[in-house]
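Worksheet: one structure, shown below.
The values are calculated or read from the model by the stated rules, or taken from the named source; none is laboratory data. Predicted model, so just to flag it, every value in this text is computed and none were measured. Positions of Cβ are generated from backbone atoms using ideal geometry, with glycine treated the same way; all protein chains shown enter the neighbour counts. Calculation scope for accessible area: heavy atoms of the full protein, side chains included, ligands and nucleic acids excluded. Shrake-Rupley method; radii C 1.70, N 1.55, O 1.52, S 1.80 Å.
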Amino acid sequence: GLAGKVALVTGSTSGIGLSIVNHLADLRCNVILNGFGETKHIEDVQTNLKRQNIKVNFFEDDLSTVQGNLTLCDNIYRIYPTGVDILVNNAGFQHVSPVETFPTAKWEQMIGIMLTSPFLLVQKFLPEMKRKEWGRIINISSVHGLVASPYKAAYVSTKHGVHGLTKVVALETAETGITCNAICPGFVDTPIYQKQVESRSQTDGCSYDEALVAKFVEFLCSEAASQITGSCLTMDGGWTAR
Ligand code: NAD
């Protein structure tokens, strides 16, 4: 089982990340939360998780910056000298704008959080995973890692990019106890999606529970999935099958 494993889930104060953290805590992993949000909400989340008798830590480092990622790693290594066993790169956000007017600052922030952060966190935690001969790296991508939509230049580019990173890391860890995969959800009913749903003229997207992503993460962490690596796995209700 996963009991006693140390799991970092980035962007876990809300949505899919929070659901993954809750699920890994149910499986008795020690969890590290990250993200932004109201102090009261984050305290409540931590109090709730601590009922599991596991170690719970929270760091609000901004993962859109290189320094934020390095500080997060320092903070974690101070608590766990052998790093993390499970790394879930989940933090992200959407910005919708035609490419001609897409703000450069937004582009850089999105590349920072959804592409550079996974790279840096893999770089910092992989050496210890190799020493421990076990590790699970799971990048929460999107169907937009496989197909595009208009007005989502940065989002689509970062998600396509993270698939490249997923494959390279899988090759560099082949024949070790480490796997690296991406999960590509379609529409999941979370705050990120709520912000967009109002502007959607039709509801043809496949909405489904965040909890399903958490169950998929559990499976990828299991021994049954030890030969699944370098894969970008859709869970989109068939959306990309068209
Ligand atoms: P969400 O807005 O509910 O959660 C995003 C999390 O990231 C929050 O915890 C937030 O605080 C954190 N975050 C944002 N900026 C950050 C920063 N600079 N540094 C650190 N943390 C930061 O969104 P969600 O829907 O749960 O999305 C999570 C992931 O799932 C994203 O990578 C998203 O692209 C992906 N995804 C979502 C959907 C969907 O329909 N909701 C579909 C496919 C993929």
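When ILE54 is tested against (1) free of Cβ contacts under 8 Å to residues at least 12 places away in the same chain; (2) more than 13 Å from the ligand (Cβ to nearest atom), exactly one condition is not met: (1).
Annotation note: Cβ proximity below 8 Å between a residue of segment 144-165 that is on the phi > 0 side of the Ramachandran plot and a residue that is part of a helix (DSSP H, G or I) (sequence gap 6+ or interchain) occurs for TYR151/VAL99. Selection within segment 177-192: residues that are open to solvent by 10 Å² or more (accessible area, probe 1.4 Å) and more than 6 Å from the ligand (Cβ to nearest atom). The member of this set that is modelled with the lowest pLDDT is ASP189. One residue alone among THR116, THR65, THR101, THR82 is open to solvent by 30 Å² or more (accessible area, probe 1.4 Å), within 27 Å of PHE216 (Cα to Cα), over 15 Å from the mean Cα position of the chain (by Cα) and β-branched (Val, Ile, Thr), and that residue is THR82. Restricting to segment 68-79, and then to whatever is of a type outside the set (Ser, Thr, Tyr) and either within 12 Å of the ligand (Cβ to nearest atom) or in contact (Cβ under 8 Å) with a residue 60 or more places away in the chain (or both), can you tell me which residue is surrounded by the fewest Cβ atoms within 10 Å (Cβ to Cβ)? This residue is GLY68. Filter segment 133-157 down to the residues that are touching a Gly at 6+ places or on another chain (Cβ under 7 Å) and either in a helix (DSSP H, G or I) or open to solvent by 40 Å² or more (accessible area, probe 1.4 Å) (or both), then identify the one that is nearest to GLN227 (Cα to Cα). Residue satisfying both the conditions and the ranking: GLU133. Yes or no: segment 18-32 includes at least one residue that is open to solvent by less than 30 Å² (accessible area, probe 1.4 Å), within 19 Å of PHE125 (Cβ to Cβ) and near the ligand (Cβ under 10 Å from one of its atoms). Yes, because at least one residue in segment 18-32 is open to solvent by less than 30 Å² (accessible area, probe 1.4 Å), within 19 Å of PHE125 (Cβ to Cβ) and near the ligand (Cβ under 10 Å from one of its atoms).
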